[in-house]
Amino acid sequence: MNGRPSFPSLLESFFRHRMAKQRNATSATIASYRDALRMLILFAADRARCGPCDLTIDGLDRDTVLAFFDHLEASRGNKIQTRNARLAAVRSFFQHVAANDPASLGIAHRILSIPLKRAHTEVTHHLTRAELDALIAAPDQRTERGRRDRTLLLFLGRTGARVSEALGANFGDLQLDRTRPQVLLRGKGRRERVVPVSADLAGALRALIAELGLNRDLTSPIFRGAHGERMTRFGATHVVRRAVAVATATQPGLARKVVSPHVLRHTLAMTLLQSGVDLLTIQAWLGHSQVATTHRYAAADVEMMRRGLDHAAISGKQPARFKAKDAVLRLLESI
């Protein structure tokens with residue numbers, strides 16, 4: 001190999017040194033990058049008809065990487081946002097390759113030049129107040145699972161937590177014994193924030209903790225699976241789906257909506273916005289790093305736009321079309 005670092009050694013140093021030590025990346029980021037590169041390696045090995053251990057950097061050229069992204073969209077049904085997230089992982093790895101293997105500089109630069117794919121910005125969906133109430137009331141309160149499910153739905157709907165933040169919360173993150181209960185959430189990029197806990201959520205959490213007996217262990221997860229382990233994202237998605245299946249009996253409109261745990265986060269944001277809460281407060285509440293992310297809720301609120309039209313007293317009459325008198329202006333108008 002003429003002293004060149006091997007592909008496995010580059011892969012190991014990328015995760016152990018660049019990601020873990022130099023960038024101090026979170027475990028979630030490392031897991032995301034690991035999964036993206038694992039899929040790329042398996043795809044490239046299958047394309048080259050060799051084992052993953054036989055791959056070299058030369059076998060991960062631009063054509064192979066582009067074919068991999070086409071495969072993600074065509075065969076796996078990945079959306080453009082997911083494709084771009086995978087590309088971010090691949091780019092980061094090849095930045096490491098460029099810095100540590102000069103002989104691979106050409107391949108690395110060609111891959112680093114792959115552009116992000118422009119995605120269509122979808123409308124932010126949310127639930128009405130009646131739909132949210134029906135969803136929260138759906139779980140059967142006569143069963144332990146139903147009481148847990150209702151508490152999780154309340155947590156997502158009242159705190160606006162991301163599903164990973166809700167499932168990552170421990171008993172020690174709750175402060176329910178004060179006049180103004182609150183919870184500590186751990187968000188993206190190790191950013192922490194404290195959000196208020198509503199009265200109904202506080203009551204449900206106290207009942208759940210008493211039922212589970214978590215008072216002695218501050219590191220115990222609040223939301224657990226069937227075997228006492230921390231609930232997974234997949235499990236939380238099933239909680240929402242079960243609730244939707246029941247709630248559609250009283251709220252048929254839910255059947256026409258794609259309801260996920262994240263939709264409850266959008267719903268709280270829209271509720272706060274429509275209640276007159278300013279964008280900076282909503283940004284802090286949701287843990288957005290930029291207010292531009294929060295601003296999309298204002299852009300999605302059609303009723304606020306409609307009220308703006310009414311306040312501005314804008315009529316539906318169209319003004320008369322401008323008619324240029326000057327010959328040059330008439331020429332431009334005719335083009």
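The values are calculated or read from the model by the stated rules, or taken from the named source; none is laboratory data. Please read all numbers here as calculations on a predicted model, not as lab measurements. Methodologically, a virtual Cβ is constructed for each residue, glycine included, from the backbone with ideal geometry; neighbour enumeration extends over all protein chains shown.
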task = Name every residue in the range 234-259 that is loosely packed, with under 12 Cβ neighbours inside 10 Å and touching a residue at least 60 places away in the same chain (Cβ under 8 Å), in order of residue number.
result = VAL258
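Provide a single number: the residues in the range 225-252 that are in a loop (DSSP other than H, G, I, E, B), of a type in the set (Val, Ile, Thr) and over 17 Å from the mean Cα position of the chain (by Cα). Show your work before the answer.
Our first condition is that a residue be in a loop (DSSP other than H, G, I, E, B); within the range 225-252, this holds for 225-229, 231-232, 248-251.
Among the residues that remain, those that are also of a type in the set (Val, Ile, Thr) are: 232, 248, 250.
With over 17 Å from the mean Cα position of the chain (by Cα) added as a condition, the list becomes 248, 250.
Count: 2.
State yes or no: is ARG83 at positive phi and not small (Gly, Ala, Ser)? Show your work before the answer.
Numbers: at positive phi: no; not small (Gly, Ala, Ser): yes.
No; evaluated as a whole, the condition is false for this residue.
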inquiry  = Taking the condition of being surrounded by 17 or more Cβ atoms within 10 Å (Cβ to Cβ) and either under 15 Å from ALA226 (Cβ atoms) or acidic (Asp, Glu) (or both), how many residues in the range 129-138 meet it?
reply    = 1
note = Reported set for the range 83-102 where residues are of a type outside the set (A, V, I, L, M) and either exposed (fewer than 15 other Cβ atoms within 10 Å of the Cβ) or not in a helix (DSSP H, G or I) (or both) is ASP101, PRO102
request  = Being exposed (fewer than 15 other Cβ atoms within 10 Å of the Cβ), of a type outside the set (Ser, Thr, Tyr) and in a loop (DSSP other than H, G, I, E, B) narrows it down to one of LEU116, LEU105, so name that one.
outcome  = LEU116
remark   = The condition of being farther than 19 Å from SER6 by Cβ and modelled with pLDDT of 95 or more holds, among ARG118, ARG83, ARG91, ARG47, only for ARG91
